[in-house]
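The next block holds one structure in the form of structure tokens; read it before the comments.
The values are calculated or read from the model by the stated rules, or taken from the named source; none is laboratory data. A quick note: this is a predicted structure, and the numbers were derived from the prediction, not measured. Methodologically, a virtual Cβ is constructed for each residue, glycine included, from the backbone with ideal geometry; neighbour enumeration extends over all protein chains shown.
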Amino acid sequence: MRLSRYFMPTLREAPADAQIVSHQLMLRAGLIRQEAAGIYAWLPLGLRVLKKIEQVVREEMDRAGAIEVLLPTLQLADLWRESGRYDDYGDEMLRIKDRHDRDLLYGPTAEEVITEIFRAYVKSYKDLPKNLYNIQWKFRDERRPRFGVMRGREFLMKDAYSFDIDEAAARRSYNRMFLAYLNIYARLGLKAIPVKADPGPIGGDLSHEFIILADTGESEVFAHGDLVEMGAPGPDIDWDGDLEPMVAQRARLYAASDEMHDAARFEAEVPPEKRTTARGIEVGHIFYFGEKYSKPMKALVTGPDGKDVPVHGGSYGVGVSRLVGGVIEASHDEAGIIWPDAVAPFGAAVVNLRPGAADVDAVAEQAYKALTAAGKEPLLDDRDDRPGAKFASLDLVGIPWQLIVGPKGVAEGTVEIKRRATGERQTLPLDAALKAITG
Ligand code: 5CA
């Protein structure tokens, strides 16, 4: 992408109402534009990051055996009347009428829709387990939308739904998601803690939130230090094997958010030097709720004994758009965003310090082509601007590498590279510079 033809509207100052650093940086770096309270347009750079995060989530869901679908944003109120949630959901639900005076709603989640699909097709225990997921915009008319995409009204969620013959099988599905979530956050460069949670209006009796630590987080967490330090299981686990030990190893260590916190238990179970109290951002939430939806909605399957029983369900959410803010909270400095390579909107920027000078243009062009061929998705900064302004905007938007081409270096046969995360600079011949960036 040539920056002279691109749309990357950066701002010198963040609007005064942006209170937390990720919101400020998302506005300044031109990732999003607020259109209404809690409703954002995604500008080109923001959209690229959102898609990258979405893709990481997709790959890890697929790996864990979930199957992607795409559900509608608008849902029939009648489905929610079947489950009994239409009235319970309250003012957070955006209710709409169509021209035939039918009640619709903009989906805040999709347990009812997916249960309707499941019951239409799946009739036997032999077709289980199944886990269907989608990555779709949701709407919740939050009382206090704030912190930019962290608590939006319209937001992108990955929501998965598992179906099993009984509680033991459902627990296996739950465990798969539990571990897949840890892998998702690790790939995004985030340390996420699974915390026992209150299932709230989704219902059920087994639930975990996944919380990343950040001072600006809305939740307070109390956790055993060993859990905070424990890594993700990694992709090479046997997803069909017994995952219980890996989950139990984590779930037995104390971790709770404010509403579930039990100070006496915390002190009894966690030695003083391991007691971690911190603020965090909830970036995922998983639930096992058994027959809560299948019973009223009559999603029955025939068991091995020939009897029809309600299927056992769970649902599993990841805040995809919230994660864009979460990654920034975890990775930024005074100059701006520092994207982890896995989600950077562009892998590298080729900075042409003298656009229009034929020899400089030629080297910049050659670097740009080589990085494109290596799959680095480079940005070519061919803007006619001061070097300082170029560096400042590339630092702000957080491109992981800068490859700087100027007249002096070109005369000497070198370019400069800069790693955004460390600020480390090296002057090298072009070939060596390209190798350092492409690895
Ligand atoms: N049906 C379940 C699981 S699919 C569910 O809706 N869970 S949830 O309410 O916890 O939402 C899942 C995730 O979406 C949360 O962990 C959070 O990361 C994200 N999320 C929830 N509300 C918002 C919001 N207003 N703005 C941005 N992200 C949100």
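Within region 229-259, can you find the residues that are over 28 Å from GLY65 (Cβ atoms) and either surrounded by 15 or more Cβ atoms within 10 Å (Cβ to Cβ) or out of contact with any strand residue (DSSP E or B) (no Cβ under 6 Å at 6 or more places or on another chain) (or both)?
Residues satisfying the conditions are GLU229, TYR254, ALA256, SER257, GLU259.
Can you say whether GLY319 is modelled with pLDDT of 95 or more, buried (at least 22 other Cβ atoms within 10 Å of the Cβ) and not aliphatic (A, V, I, L, M), as far as the supplied structure shows?
Yes; evaluated as a whole, the condition is true for this residue.
Mind checking which residues of region 346-362 are hydrophobic (A, V, I, L, M, F, W, C) and over 37 Å from the mean Cα position of the chain (by Cα)?
Within region 346-362, ALA357, ALA358, VAL360, ALA362 qualify.
Assuming ARG322 fulfils every condition listed in (1) within 16 Å of the ligand (Cβ to nearest atom); (2) part of a strand (DSSP E or B) apart from one, which condition is it?
(2)
Pairs please, first residue from region 280-304 and part of a loop (DSSP other than H, G, I, E, B), second anywhere and at pLDDT below 95, Cβ atoms under 7 Å, 6+ apart in sequence or on different chains.
Hits for this filter: LYS292/GLY203; LYS292/GLY204.
When you look at GLY325, is it more than 25 Å from GLY65 (Cα to Cα), under 30 Å from the mean Cα position of the chain (by Cα) and crowded, with 24+ Cβ neighbours inside 10 Å, yes or no?
Considered against the rule, which asks whether it is more than 25 Å from GLY65 (Cα to Cα), under 30 Å from the mean Cα position of the chain (by Cα) and crowded, with 24+ Cβ neighbours inside 10 Å, GLY325 comes out as yes.
Taking the stated definitions as given, is LYS97 among the basic types (Lys, Arg), modelled with pLDDT of 95 or more and either farther than 30 Å from PHE346 by Cα or touching a Cys at 6+ places or on another chain (Cβ under 8 Å) (or both)?
Criteria met by LYS97.
State yes or no: is VAL69 within 16 Å of the ligand (Cβ to nearest atom) and either buried (at least 21 other Cβ atoms within 10 Å of the Cβ) or more than 22 Å from the chain's Cα centre (by Cα) (or both)?
No, not satisfied.
Would you point out the residue of region 256-277, among those that are assigned to a strand (DSSP E or B) and in contact with a helix residue (DSSP H, G or I) (Cβ under 8 Å, 6 or more places away or on another chain), that is nearest to the ligand (Cβ to nearest atom)?
ALA256
Taking the conditions exactly as written (without any contact (Cβ under 8 Å) to a residue 24 or more places away in the chain, farther than 25 Å from PHE7 by Cβ and touching a Ser or Thr at 6+ places or on another chain (Cβ under 8 Å)), does THR422 satisfy them or not?
Spelling it out, it is not the case that THR422 is without any contact (Cβ under 8 Å) to a residue 24 or more places away in the chain, farther than 25 Å from PHE7 by Cβ and touching a Ser or Thr at 6+ places or on another chain (Cβ under 8 Å).
Filtering region 75-109 down to residues that are within 28 Å of the chain's Cα centre (by Cα) and closer than 24 Å to LYS130 by Cβ, which residue is surrounded by the most Cβ atoms within 10 Å (Cβ to Cβ)?
GLY107
Return only the number of the condition from (1) more than 9 Å from the ligand (Cβ to nearest atom); (2) modelled with pLDDT of 95 or more that ASP205 does not satisfy.
All conditions pass for ASP205, except number (2).
I want to confirm something. Restricting to region 103-145 and keeping residues that are under 30 Å from GLN24 (Cα atoms) and of a type in the set (Asp, Glu), which single residue is farthest from the ligand (Cβ to nearest atom)?
ASP141
Of all residues in region 364-384, how many are of a type in the set (A, V, I, L, M) and touching a Gly at 6+ places or on another chain (Cβ under 8 Å)?
Residues in region 364-384 being of a type in the set (A, V, I, L, M) and touching a Gly at 6+ places or on another chain (Cβ under 8 Å): 1 in total.
Among the residues of region 151-168, which ones are surrounded by 23 or more Cβ atoms within 10 Å (Cβ to Cβ), within 10 Å of the ligand (Cβ to nearest atom) and aromatic (Phe, Trp, Tyr)?
Across region 151-168, the qualifying residue is only TYR161.
Before we move on, is ARG171 more than 9 Å from the ligand (Cβ to nearest atom) and of a type in the set (Lys, Arg)?
Taking the combined requirement at face value, the residue satisfies it.
Is at least one residue of region 59-75 closer than 20 Å to ILE328 by Cβ, touching a residue at least 60 places away in the same chain (Cβ under 8 Å) and touching a helix residue (DSSP H, G or I) at 6+ places or on another chain (Cβ under 6 Å)?
no
Among GLY148, GLY46, which is closer than 30 Å to LEU394 by Cα, within 11 Å of the ligand (Cβ to nearest atom), buried (at least 21 other Cβ atoms within 10 Å of the Cβ) and not aliphatic (A, V, I, L, M)?
GLY148
Could you grab me the full set of residues in region 1-18 that are surrounded by 13 or more Cβ atoms within 10 Å (Cβ to Cβ) and farther than 23 Å from ARG386 by Cβ?
ALA18
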